[in-house]
Each structure stands twice: as structure tokens, then as C-alpha cells.
Amino acid sequence: MLHPLNILGLRLAAIIGLLLLFLLHSAAANPSRHRHRHRHRAPQQLILSSCIHARYPNLCLRSLSSYSGPASPRYIARAAVRASLSRARSVSYFLRTRVPGRDHLSKLERVALNDCIEQISDAVDELRRTLGELQHLKLGEPTFGWRLSNAETWASAALTDEDTCLDGFDETDGLVKTQVRRKINRVARLTSNALYMINRLDDRRGRP
């Protein structure tokens, strides 16, 4: 069995390695990087400093690796929510149309799947509302705190719905449970990271 310090060292090494890959990927995706070197370095550095503290840092970096917008926590939070919303929509489509053997599900599986379809549909709507609040979030305006609180509430509700979807499959087993769990876990982790990015805005009031 590995010593806890050795495990921590391996995790840190893995994260550092991914950070280096992130930088290389970002540079390769931008052929004009030498001409716009300083303009593109700032958002990359902000993403790195943000993702390193997220609950799922590796996934955070991968989901934002193509980001090329302003070096602003508000814009990066929007990008994180968009990544989660895109994945949630894809999962919703899968649940409604692509689940294998849906015509031969057990009663428990059918109930769990139908509940999950409804919950992920709610999550999609909640993430869409989250993004809407962030798009109207403007520094210095009286509504800043209210909109930020709304965004946090909607994102938290989406995460709850995603987690609840998995609960329905606790009494089932088989391929459907495995595939649904894999897809829901992915979108839930993206939503968790997005919520973290939103929560960070609470500490940056008055800054871009």
C-alpha cells in the first residue's frame, strides 16, 4: 500500500503534468500565438489558477482548454456553465433516444430512467437560467449580488437534479445503470466545477 504522502505526490505530479499539456494544447490551437502572445497568456493563466482549486481540476482544464475570451472570471464562469449545459443537453438526448435496450427494461429501470429524463431536463433548464443570470451580471450595478445569488441557486439546483438522477438507479444493475452513471457523473462534475467558478465571483466583487 502506498504511503499517503506518496499518493499526494502522485496526484500533484499528475495535475502539474496536465497543466503543462494544457499550455501546450492552447499554444498549438493558436497559430498566431507569437503575435498575440501577451493577450492569450492572461486568460490561460487565470484558467490555470482557477482550475487548480476546483473539485475536478483535470476536467476543468480540459473543458476550458479552447477558451480564448477575455481574462475575466465572469467570462470564464460563463464558459464553464456553457460546457456543463452542452454536456447536459447531450445527456438529455441520450436518455430520451439512445439508451440501449430501452424496450426491454425492467420496471425499476424504466421508472428510474423516466425520473432521470425529467431531472436532467430540469437541470438543462436550470443551467440555461444560470447562464442567463451570468450574461446579465454587470459590475457596479445594484443587481449584481441578486443576479449572482440567482446564478448560484440555479447551478446548485442543477447539480442536485443530476445527483438525484443517479439515486434512482441504486436498486438496479446492468448496462443501462452503467452507461447512465458514466454520463451523469461527467455532467455533474462539469456542473460542480461551474458552480465553483460562480462562487469565486463572490470574492471578486468590484473586479473584472
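Things worth noting here:
- Label-to-label distance, residue 163 versus residue 68, with points set 7 angstrom from Cα along the beta-carbon direction: 3.7 nm.
- Using the Cβ of residue 150 as centre and a radius below 11 Å, the other residues enclosed give a net charge of -1, where K and R count +1 and D and E count -1.
- Annotation: amide H-H contacts under 5 Å for residue 136 (H modelled 1.01 Å from N, sequence separation of 5 or more, or interchain): none.
- Whichever aspartates and glutamates have a C-alpha closer than 19 Å to that of residue 138, once near sequence neighbours (fewer than 8 apart) are set aside: 152, 202, 203
- Site pair residue 144 and residue 93 shows an inter-label distance of 3.8 nm when each label is modelled 7 Å from Cα along Cα→Cβ.
- Label sites at residue 110 and residue 45, each approximated as a point 7 angstrom past Cα along Cα to Cβ, lie 5.9 nm apart.
- Packing order of peptides 76-85, 166-175, 146-155, 191-200, highest average first: 76-85, 191-200, 146-155, 166-175 (average count of other Cβ atoms within 10 Å over each peptide's residues).
No lab work stands behind these numbers, since they all come straight from the coordinates. Predicted model only: the values in this text are computed from it and were never measured. FYI the Cβ positions are ideal-geometry reconstructions off the backbone, even for glycines, and counts take in every protein chain you see.
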